[in-house]
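The values are calculated or read from the model by the stated rules, or taken from the named source; none is laboratory data. Being a predicted model, the structure only gives us computed values, none of them experimental. Don't worry about glycine lacking a Cβ; one is built from the backbone with ideal geometry, like all the others, and counts go over all protein chains shown. Accessible surface areas use protein heavy atoms only, side chains included; no ligands, DNA or RNA. Shrake-Rupley method; radii C 1.70, N 1.55, O 1.52, S 1.80 Å.
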Amino acid sequence: MKILVLSDSHAALSFMRRCIDAVQPDAVMHLGDHYDDGAAMAEEYPRIRFYQVPGNCDAHRCFIPDPETRLECLDGVRILMTHGHRHHVKQTLLRLLADARASRAKLVLFGHTHSAYCRQEDDGLWVLNPGSCGYFGGSAGLVEIRGGEVTQCGLIREEDINVL
């Protein structure tokens with residue numbers, strides 16, 4: 001299963017479309033800051049499963065059906081997704097990692113910082129911030145899951161789209 005991870009789109013939909021078209025994911029996870037962008041992509045690509053959480057710039061929206069932190073299980077992998085502002089990820093990842101471990105997640109996804117970041121912790125927990133798909137040429141995350149394990153976790157940048 002291929003999962004495309006997007007965050008901080010801020011109404012810039014072009015990079016999102018190019019990523020979806022190039023990757024052909026089974027699922028897309030949008031981590032907020034502009035929740036409506038994820039909803040628009042879900043309408044444009046009805047055959048792809050979409051999962052979303054709102055970000056701090058979405059707080060003014062009066063109706064958002066999804067919680068700020070969401071735990072999903074896809075192909076046997078528990079995934080904790082959040083925008084990150086409530087976890088204060090610009091200062092530290094300690095709260096986020098503690099919540100991910102408490103929820104027994106194998107993968108934790110966050111945005112908010114606009115800085116792409118991907119690594120595996122010593123205990124096996126994957127931590128991914130796809131950066132911003134709306135600024136600086138764009139970046140996204142790509143996760144592959146097989147048999148209840150994360151088999152690939154990495155970043156996609158503008159220059160990668162043409163070679164996918």
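At a 1.4 Å probe, what is the % contribution of carbon and sulfur to the accessible area of region 1-86? Before the final figure, lay out each step's value.
Values: 1840 of 3680 Å².
Carbon-and-sulfur percentage of accessible area, whole number: 50.
Given only helices, namely DSSP H runs of n ≥ 4 each adding -39500 (n - 2.57), what is the per-residue ellipticity at 222 nm of the chain, to the nearest 500 deg cm²/dmol?
Details: 4 runs with 33 residues, N = 164.
Taken over the chain, the calculation gives -5500 deg cm²/dmol.
Please compute the contact order of the chain in relative form: average sequence separation of alpha-carbon pairs under 8 Å and at least six residues apart, divided by the residue count, as a percent.
About 25 percent, as a whole number.
Which whole-number value in Å² is the accessible area per residue of the chain, probe 1.4 Å? Spell out each step's value before the answer.
Values: 7670 Å² over 164 residues.
On a per-residue basis, 47 Å².
Note down the Stokes-Einstein diffusion coefficient of the chain in µm²/s, whole number, using a Kirkwood radius over alpha carbon pairs, 10 °C, and 1.306 mPa s. List each step's numbers first, then the result.
Values: Rh = 15.3 Å.
It diffuses with D of about 103 µm²/s by this estimate.
State log₁₀ I(q)/I(0) for region 67-151 at q = 0.20, 0.21, 0.25 Å⁻¹ as given by the Debye formula over alpha-carbon point scatterers of equal weight, solvent excluded.
Evaluating at q = 0.20, 0.21, 0.25 Å⁻¹ gives log10 I(q)/I(0) of -0.91, -1.00, -1.33.
Hey, rough spin-label estimate for Ala42 and Arg78, points 7 angstrom out along Cα→Cβ, what's it come to in nanometres?
Distance between label points: 2.4 nm.
Which listed residue (Tyr135, Tyr45, Gly148) has the Cα farthest towards the positive end of the charge dipole for region 43-164, taking +1 on Lys and Arg C-beta and -1 on Asp and Glu C-beta about the Cα centre?
Selected residue: Gly148.
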